[in-house]
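Each remark here refers to the structure printed beneath this line.
The values are calculated or read from the model by the stated rules, or taken from the named source; none is laboratory data. Values in this document were obtained by computation on a predicted structure and should not be read as measured data. Counting neighbours? That spans all protein chains shown, and the Cβs are built from the backbone with ideal geometry, glycine included. Side chains included, ligands, DNA and RNA excluded: accessible areas come from the protein's heavy atoms. Shrake-Rupley method; radii C 1.70, N 1.55, O 1.52, S 1.80 Å.
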Amino acid sequence: MISLAENWLPVLVIATSLVTALCIFPLREEQVRLRSTLNMIGATLKVVFVIIITIGFLDGRVYQSRLQFLPGLDIVLSVNPISLAFLGLSAVLWFVTTIYAIGYLEHADHRSRFFGFFSLCVTATMGIALAGNLFTFFIFYEMLTLVTYPLVVHRGTLKAIKAGRVYLFYTIGGGALMLIGIVWLQSIAGPVEFSTGGVLDHVAHRRSELIGIFVLLVTGLSVKAAIVPLHGWLPRAMVAPAPVSALLHAVAVVKAGAYGILRFVYDLFGIPLAASLNVLTPLAIMASVTIIYGSIRALMQTDLKRRLAFSTVSQVSYIVLGAAIVGPLATTGAIAHLMHQGLMKITLFFCAGNFAETLEVHSVDQMNGIGRRMPVTMGLFTIAAFGMIGAPPVAGFASKWYLGAGGMAADQAWVIAVLIGSTLLNSAYFLPVLYTAWFKKPAVPWPAPGKRFETSPLLLLPCAATGIAALLAGVFAGSRWSPLGLATQIAAELYDLWI
Amino acid sequence: MRDPSPWVILIPLTSAGFALLLGHRSIARFGVVAAAFTTIASAFLVVDVWRHGTRRYPVGGWDAPLGIELVVDGLAALMIAMTAVVGLLISIYSFRYFSDPPDLTRLRESADVRPSIGEPWGQSRAFWPLWLFLWASINIVFLSGDMFNIYVGLEIMGVSAVALVTLSRGAVATLSATKYLIAAVIGSMLYLMGVAILYASFSTLDLQELSVRIEPGNPATVALVLMSAGLLLKTALFPLHFWLPAAHSAAPAPVSAILSALVIKASFYLFLRLWMDVFMQTTTRSGAVFVGLLATAAIIWGSLQAIRQIRLKPLIAYSTVAQVGYLFLLIPLAVPIATDSWNVSATEGGVYHAISHALAKAAMFLAAGAVMQALGGTDEIGEMAGLAARLPISAFAIGLAGVSLMGLPPSGGYVAKWLMMNAAFDTAQPWWAIIIVVGGGLTAIYMFKFIGLAFRKPVEGSSFLPSSAWLEGPAFILAVLSILVGLRATPIVELLSK
Amino acid sequence: MTQFEIYSVASVSLFGLGLFGLIALPNILRKILSFNVLGVGIFLFLVATAQRDDPTQPDPVPQAMVLTGIVVAVSVTAFALALLQRLHGETGMTMLDDEKAESDQ
């Protein structure tokens, strides 16, 4: 018996940000306080609802909302372990990003429009996390494309508009391929719903068609996950304001792609079927190429945000790599990295935003001695950068370790080579930044901080929260409640079913 | 109201006649009230069909073989409802649009402001009777169960539509209207010849009776070809679209909305009716595929032309050319291949597309009209940088309507696309699905060309006048509706099956 | 050839002639005249149909159609003439010069 709350909670999780968006759009520009209050109420409620769902889910409750869309086809929102991981991550990071964005955009134009679309963006992400079938997934996936566009072009400069055009070119193209795949799948398998272990066994004999569908679906997702050669939009989208970049890279867009790949491999095709179709190895190779390529390109950038952008290209593919290697260790690594990368990357973008907002620093060359002027921000940056490199005890180490072990366990030792290569490259593009920031002397002394400590607390606190979280996730990785611990449990469940 | 079907025709028809007597001041108010009553009658009609299924109403108490019947099934009810919703909002918009000329003195002094299109400010006396006549004739086409009666409806529709185009001042409008009239007349004459042949061969004008009596053979085929050609011309399917872009972009904004959203749907509806019911046995696969190829060409050609446009209204008009292609894609998807019945999913998709296109396109033209007034009469896209900041409601309306036209979820256009693509795969013709997707991409190109510009920073010195909520509001509501019909398709699909 | 066939052939010829004129003639007044020729073709066909089976007791339905059709044709002609007059007044045109019209758009 499913109670009312269990029917409605998934809807409420989505509604919190949707309603927030609808309330914010009509606000006048100067209604700052009301807008901020609404934002914070929405973000807080969402976190509360997600916590309730998490507790309930661990108690064994089933959360599912269902609305008939067409006869025989429902819009389904449901909670399962992987979706819970993504849901929790998004809710928490939205909360901190909202605080950050309020501080960051204190004097910007068109804030109602910005925060409206910002909330819609989270609405779409929540929908993606909770989608219980392909049809629902696609609706929110495309909605995400549309509502992030105004954020990308928010500044209204020619460069921003061009970036927006490129962004749409990639994402709408990817969406179109995905739609063909979805309709094709529906025509051979009927309306199927995600379920742990895969749901396509009844059509497993139609191999060639399934391979075609897998390719279409994963290509569509690869655009958002920025897998080479479909990553071109991402560095350009850096023209967006910093909170948008943070959200796009850590939570919403690229993560939606990576999460989709996890979901399709584990809950739609299922690992055994996907493995038997021989589609996972090519995917692993694509991911590996992306990991190396992204790192090399990052090395070549002097603009800090662009360097981080290419770093995202590389890091997100760890998740895809984990999904493409069969075995509980790699799966653990993938799901853990989904959360770890979110925490670390959002910290890095917050820090980059702080540098830009406080000192107008955009490029690595300008960062000489910035660690002395903004020690806290730079300290957090350092933590996150070490995490990205994979240095213990920050979170990134744990996920890389599991990915490597997973590769070994699956007799794919080349994964180790990819990981080592990427770690070297990561070091090569992060360590010089750290060196410059801490040890080089500024050409001109930095302007004094004034009354405030370093920078506005609205910018510093969110950054500190995520940075410390990334550190704690690594230090306490062995705990049952850490991202890694959760990932281990999810992976165990996935493979239990199989064995 | 025991049976609401005649009222949806009688109310606009008599109001149109009465409106001719009214003066400039009262006519707009009267027109909106008449539109509201027509909408109420339409709502009764839809509820009636929802409860009781298909209804037949013998006009004047005479039954089918002798008298004229009005027939309302789910499809007709949906079309009536679509016309009512769109018509009412256009009426509210027109109340303001045709009565008050904007305050041109407040525009910047520079000579750049040229009223490139003679906007018909203050022409409500001409607008309202024509619009109400047009509404009545559209409803006649939807409801009539009699082939000849439909012809009369088509002819009134054509003439009043052309007359509405001439409300725009200037040579361009008159010339466009003339071409439009010629196309409309050829279309209805081809249709009438088809009717004459059918009557000569099967001795009935009643649609239902005819679909029973008709036998495949030369007369039926000739009639099918003539009538189809006539209706394709009236619906402006490529390459018979030549008259549409000029007429739809030269007309005043609310008239453009009426033409693009409703008028072409009436002839499309008739085409569908003929292929689905009357000529079920006469149509062939090759004929259907031929229509499908024309539809494909329409999608591609219309979109490419839309991409090239530098003015907003021609862009929207060419978008209609492309979207008409989508409507006719339902024919190759629905005409049975091996079985005996139409593909339901394709029909649902086509009808859904008709509805969401009506909402979205009306929203777009109305918003364009509001923007043009705010710019003092120009619709050059280059002047519209910064629209999202200056007229956010209109910009939003165009954006949301664009989402529906692109067929991206959640929107009515997406539902249509989903249903049609499903039909393509179900009937083992996946290539149509690819065309649908490619068309969506092309639509995205021309829509975002505009939307991107709207997000630009306003050009130094450009001046938008503030717009009125009476203009922006209806456009925005229509755009929101085009999204909302995509949230849950079940009610519409169920009504269609009544 | 029966009477009906003779009338049919004549009416189809008129129909074809009118259609050709409506499509191909550039002069708008001639187009309007062609429309009327075309209409007469259809009406002739309908009247012939009415008399086909029993000339002494013609079928009233086609005759009613013709009457209505004539009314419609007259109205459309009047409207078209008014439109032509306006076009002539505004531009001096009497022909549909497609090249020019399209370059205006």
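In segment A:22-154, the ratio of gyration radius to Kirkwood radius, Rg to Rh, stands at 1.01 when only Cα atoms are counted. Here the spin labels are modelled as points 7 Å beyond Cα on the Cα-Cβ line, and at B:His52 and A:Thr302 they lie 8.1 nm apart. For segment B:338-401, pairs of C-alpha atoms spaced more than 18 angstrom apart make up 49 percent of the total. Taking every C-alpha pair closer than 8 Å and separated by at least 6 residues, the mean separation divided by the residue count of chain B gives a relative contact order of 16 percent. Here the relative contact order of chain A, from alpha carbon pairs under 8 Å that lie six or more residues apart, stands at 14 percent.
Using only Cα atoms and rounding to the nearest 10 degrees, what angle (0 to 90) does helix B:430-454 make with the longest principal axis of chain B? So the inclination is approximately 20 degrees. Only Cα sites of segment A:199-240 enter the Debye sum here, all with the same form factor; the resulting log10 I(q)/I(0) across q = 0.32 1/Å is -1.01, listed in q order. Within 10 Å of the Cβ of each residue in B:171-184, the mean number of Cβ atoms contributed by other protein chains is 6.
Over every Cα atom in chain C, the radius of gyration and the widest Cα-Cα span, Dmax, amount to 17.5, 58 Å. Measuring r between the beta carbons of C:Thr77 and B:Trp431 and using R0 = 41 Å, the FRET efficiency lands at 0.35.
With loop membership from DSSP and a limit of 14 other Cβ atoms within 10 Å, the longest segment of chain B without GluC sites (Glu not before Pro) is B:110-459. Residues whose amide H comes within less than 5 Å of that of A:Ser363, counting only those at least five positions distant or on another chain, are A:Leu304 (H built at 1.01 Å from N in the peptide plane). For segment C:1-68 and segment A:1-55, compute the distance between their C-alpha centroids and round to whole Å. Here the answer is 69 Å between Cα centres. With Cα atoms as the point set, segment C:34-81 shows a radius of gyration and Dmax of 12.1, 39 Å.
Compared with the direct C-alpha span, the chain from B:Lys449 to B:Phe242 gains 72.1 nm at full extension, assuming 0.36 nm per residue.
Inter-chain neighbour count for C:41-53: the average number of beta-carbon atoms from partner chains within 10 Å of each residue's beta-carbon is 3.
Answer rounded, prolate or oblate for segment A:367-476, using the Cα gyration tensor with square roots of eigenvalues a ≥ b ≥ c: rounded when a/c is under 1.5, else prolate when a/b is larger than b/c, else oblate. It comes out oblate by the Cα gyration axes. A Förster radius of 60 Å, combined with the Cβ-Cβ distance separating C:Asp54 from B:Ser286, puts the computed FRET efficiency at roughly 0.90.
Set the Förster distance to 41 Å, then compute FRET efficiency between B:Ser203 and C:Arg86 from the Cβ-Cβ distance, nearest 0.05. In this case the efficiency is close to 0.45. Kirkwood's formula applied to the C-alpha pairs of the protein assembly as shown gives a hydrodynamic radius of 31.4 angstrom. Proximity of backbone amide H atoms, modeled 1.01 Å from N, is registered between A:Asn133 and A:Val76, A:Phe194 at under 5 Å, excluding neighbours fewer than 5 places apart on the same chain.
Remind me, relative contact order of segment B:142-201 in percent, using alpha carbon pairs under 8 angstrom and six or more residues apart? Here the relative contact order equals 39 percent.
With a cut-off of 20 Å on the backbone N, the residues of segment A:349-374 near the modelled label site 7 Å out from A:Ala443 along Cα-Cβ are A:355-374. Computed over segment A:369-431, the quotient of the alpha carbon radius of gyration and 2.2 N^0.38 Å is 1.34.
Averaged over the residues of B:191-201, the number of partner chain Cβ atoms lying within 10 Å of the residue Cβ comes to 6. For segment B:26-41, the Karplus equation 6.51 cos²θ - 1.76 cosθ + 1.60, evaluated at θ = phi - 60°, returns couplings of 8, 5, 5, 4, 4, x, 5, 5, 4, 4, 5, 5, 4, 5, 4, 4 Hz by residue, with Gly and Pro reported as x.
For all pairs of alpha-carbon atoms in segment A:427-499, what percent lies in each bin of width 5 Å, listed from the first bin to the last filled one? Going out from 0 Å in 5 Å bins, segment A:427-499 shows 3, 12, 10, 12, 17, 14, 10, 8, 6, 4, 3, 2, 1 percent. Note on C:Phe4 and A:Leu461: the model spin-label points, each 7 Å out from Cα along the C-beta direction, lie 9.3 nm apart.
Judged by the gyration tensor of its Cα atoms, with axes a ≥ b ≥ c, segment B:441-498 is oblate; a/c meets the 1.5 cut and b/c is at least as large as a/b.
Bridgeable lysines around A:Lys305 (alpha carbons under 25 Å apart, same-chain partners fewer than 8 residues away excluded): A:Lys159, A:Lys162, A:Lys224, A:Lys255, A:Lys345, A:Lys400, A:Lys440, A:Lys441, B:Lys457. What shape does segment B:252-305 have by the C-alpha gyration tensor, where a ≥ b ≥ c are the square roots of the eigenvalues, rounded means a/c under 1.5, and otherwise prolate means a/b greater than b/c and oblate the rest? It comes out oblate by the Cα gyration axes. Modelled label positions at A:Glu493 and C:Ile23, each set 7 Å beyond Cα in the direction of Cβ, lie 6.8 nm from each other. Straight-distance candidates among the lysines for linking to B:Lys179, with alpha-carbon spacing under 26 Å and chain neighbours fewer than 8 residues away dropped: B:Lys234, B:Lys265, B:Lys313, B:Lys361, C:Lys31, C:Lys100. Computed over segment B:330-463, the Cα gyration tensor eigenvalues convert (square root of 5λ each) into semi-axes of 37, 13, 10 Å, ordered from largest to smallest.
Using a 1.4 angstrom probe on protein heavy atoms only, the contact between C and B buries about 3100 square angstrom of accessible area, both sides summed.
Computed over chain B, the Cα gyration tensor eigenvalues convert (square root of 5λ each) into semi-axes of 35, 26, 20 Å, ordered from largest to smallest.
Charged neighbours of B:Leu478, selected by a Cβ distance under 12 Å, balance to 0 (K, R count +1; D, E count -1). For chain A, the Cα gyration tensor yields ellipsoid semi-axes of 34, 27, 21 Å (square root of five times each eigenvalue, largest first, whole Å). Association of chains A and B removes close to 3000 square angstrom of accessible area from solvent, both sides included, for a probe radius of 1.4 Å.
Our note on the geometry: Cα centres of segment B:309-339 and segment A:151-203, 23 Å apart. Only protein atoms count toward the accessible area here, which uses a 1.4 Å probe; on the protein assembly as shown, the carbon and sulfur part of that area reaches 67 percent.
Segment B:375-410 and segment A:91-112 have Cα centres separated by 26 Å.
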